[in-house]
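What follows is a short report on a single structure.
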Amino acid sequence: MSFAKGLATLAAGALFGFGLALSSMIRPEVVLSFLQGRDLGLALVMGGGVAVTLLAYKLLPRLLQRPLLGGSFGVHPSSWNRDTLRGAALFGVGWGLTGVCPGPAIAGLGAGNLSLLWAVAGMALGALVQGWRADR
Amino acid sequence: MSILQTPFPVGWQHYLLGGLCLGAGVALLFLFTGRIGSMSTVFSSTWSYVVRRPFFQQARLVDTRGWRLLYALGLILGALAWWLWRGAGVAEGTQVPWWLLLAGGFVAGYGARLGNGCTSGHGICGLGSLQWPSALAVLTFMATAFITANLVTRWIV
């Protein structure tokens, strides 16, 4: 990976993390207040994020031959099958239990919420068991 | 019915701004590198450094593990920048107990990897690509999250 690509990746991640913190999504209580029907905020965060992403994903491949630092424009892999249904359903259960999903679990550490290390550890173990079972 | 009267009891601007900002992060990553900035894959790809089993040695994990870790580091730095910008006051915390974070994290991590995406993968990136399987996945996890948060978590936290 070139230095420039690494720097761009780091900067993009920082913007993502800043957005997660600014929107207070790194606070599990705020996410739970959405899931429990007390504050619609998360829908605005999602809507804003999707709108910008949609513009970028649809327009950039038409305006540019390739990304500014080379390579090619990727596509988000997505298919509907039994695993997607089961996985999404389980993910929702885990998310609903804590109000913590992967992005905020990682970003929240930067704002000093070290309790989230428990969630990060849980997610890493969950991903390990998933991959382990997929091999059988 | 109070959510209909006051949908945003603590204000709405920071939600929208934050959403636009994290979308800009995904857009920037795509503009410069063409990469899709979803998050949960890093929890599988990082295992490829130490676990030799075939699943973890797939090219789609091994070839992306470097930048995914860097992207995750960026997330931490971005939230740190926000915290410093806010005056570096009290560190963030949560009332959710550690055992619930661990258990819920496990289920969320397992599910996100089995279903190939989380709130950023299916939510931001999948919906941003107008992919109907992602839209179905979002509806599915929103539904189970609503049910769980109201039937279980409400009584613990």
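The values are calculated or read from the model by the stated rules, or taken from the named source; none is laboratory data. A quick note: this is a predicted structure, and the numbers were derived from the prediction, not measured. When we count neighbours, we look across all protein chains shown, and the Cβ atoms used for this are built from the backbone with ideal geometry, even at glycine.
The table that follows gives values for the structure above.
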| read-out | value |
| --- | --- |
| The one condition in (1) hydrophobic (A, V, I, L, M, F, W, C); (2) within 7 Å of chain B (Cβ to nearest Cβ); (3) under 19 Å from A:GLY13 (Cα atoms); (4) part of a helix (DSSP H, G or I) that A:VAL100 fails to fulfil | (4) |
| Identity of the residue in segment B:103-155, among the hydrophobic types (A, V, I, L, M, F, W, C) and not in a helix (DSSP H, G or I), that ends up modelled with the lowest pLDDT | B:VAL152 |
| Candidate set from segment B:18-45 (those that are closer than 23 Å to A:LEU22 by Cα and among the hydroxyl-bearing types (Ser, Thr, Tyr)); member that is nearest to the other protein chains (Cβ to nearest Cβ) | B:SER40 |
| Subset tally (residues that are over 22 Å from A:MET46 (Cβ atoms), without any contact (Cβ under 8 Å) to a residue 12 or more places away in the chain and in a loop (DSSP other than H, G, I, E, B)) for segment B:84-102 | 7 |
| From A:VAL100, A:VAL30, residue being in contact with an Asp or Glu (Cβ under 8 Å, 6 or more places away or on another chain) and in contact (Cβ under 8 Å) with a residue 40 or more places away in the chain | A:VAL30 |
| Test: residue in segment A:113-122 that is more than 7 Å from chain B (Cβ to nearest Cβ) and not in a helix (DSSP H, G or I) | yes |
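Residue by residue, here is whether (1) crowded, with 23+ Cβ neighbours inside 10 Å; (2) more than 14 Å from the chain's Cα centre (by Cα) holds:
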| site | (1), (2) |
| --- | --- |
| B:VAL50 | no, yes |
| B:GLN58 | no, yes |
| B:LEU61 | no, yes |
| B:GLY66 | no, yes |
| B:ILE76 | no, no |
| B:VAL90 | no, yes |
| B:PRO97 | no, yes |
| B:GLY109 | yes, no |
| B:GLY117 | yes, no |
